[in-house]
Amino acid sequence: DTAAANALDDYEEGTWTPNVGGNATYNSQAGKYIKVGNMVTAKCTLSINAINSSGKNIIYGLPFTSTSGAAHVGAVGYYSGLSVSPTWIGCYGDANNTTVTFIWNTGNSSQSGNNGQNLFQNSARIDISLTYQTT
């Protein structure tokens, strides 16, 4: 279909470098993305060697800024070495930003990355995929 409403106006593939902020060191930082129109699917593997006192709950560095007010849905495919033992863990792209926040449940209560509880620590690894809208 070549109608204007159905025409592919933008396609891009690339890499990005996920990080947890501060002066953390990493065993690996690998991110890839595909952008079709204004929809971005980004995935990453982040393996932390050592982390400092900041940035323990959020991944920074998404390749495009997300829109505000839209649902930016993510999934955690793998994790190990976290500071909590979640029964469930997920993530979402923060509105109008290039960051990913995590939410989890340990069986006692739900927690999110913006509540101050630490999720990442030395030797933590997490693999995520996130689909979000950009301008």
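The values are calculated or read from the model by the stated rules, or taken from the named source; none is laboratory data. Quantities reported herein were computed from a predicted structural model and do not represent experimental measurements. Ideal geometry is used to build each Cβ from the backbone, glycine not excepted, and the neighbour counts take in all protein chains shown. Accessible surface is based on the protein model in full, side chains and every heavy atom, while ligands, DNA and RNA are left aside. Shrake-Rupley method; radii C 1.70, N 1.55, O 1.52, S 1.80 Å.
On the given criteria, is THR15 modelled with pLDDT of 95 or more and of a type in the set (S, T, N, Q)?
yes
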For this session: Would you mind telling me which numbered condition in (1) at negative phi; (2) open to solvent by 70 Å² or more (accessible area, probe 1.4 Å); (3) of a type outside the set (Val, Ile, Thr) ALA30 fails?
Result: (2)
Seminar exercise, completed: Condition set more than 9 Å from the chain's Cα centre (by Cα) and aliphatic (A, V, I, L, M), scope segment 86-107, selection surrounded by the fewest Cβ atoms within 10 Å (Cβ to Cβ): answer is ALA95
Exercise. List, please: which pairs have Cβ atoms under 6 Å, are six or more places apart or on different chains, and start with a residue in segment 115-135 that is in a strand (DSSP E or B) and end with one that is of a type outside the set (A, V, I, L, M, F, W, C) and open to solvent by 50 Å² or more (accessible area, probe 1.4 Å)?
Worked result: ILE126/TYR79; ASP127/GLY77; ASP127/TYR78; SER129/LYS43; THR131/THR41; GLN133/ASN38; THR134/ASN38
For this session: Go through segment 72-85 and count every residue that is at negative phi and open to solvent by less than 60 Å² (accessible area, probe 1.4 Å).
Result: 8
Problem set entry | When residues of segment 60-71 are limited to those that are among the small types (Gly, Ala, Ser) and more than 11 Å from the chain's Cα centre (by Cα), the one surrounded by the fewest Cβ atoms within 10 Å (Cβ to Cβ) | GLY69
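Counting residues that are over 21 Å from SER123 (Cβ atoms), which strands (runs of 3 or more DSSP E) fully inside segment 1-97 reach at least 3? Walk me through it before giving the result.
Working: elements: 11-16, 25-36, 39-50, 58-60, 73-80, 88-93.
Qualifying strands (runs of 3 or more DSSP E): 11-16, 25-36, 39-50, 73-80, 88-93.
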For this session: Considering every residue within segment 47-70, establish whether at least one is without any contact (Cβ under 8 Å) to a residue 40 or more places away in the chain, aromatic (Phe, Trp, Tyr) and touching a strand residue (DSSP E or B) at 6+ places or on another chain (Cβ under 9 Å).
Result: no
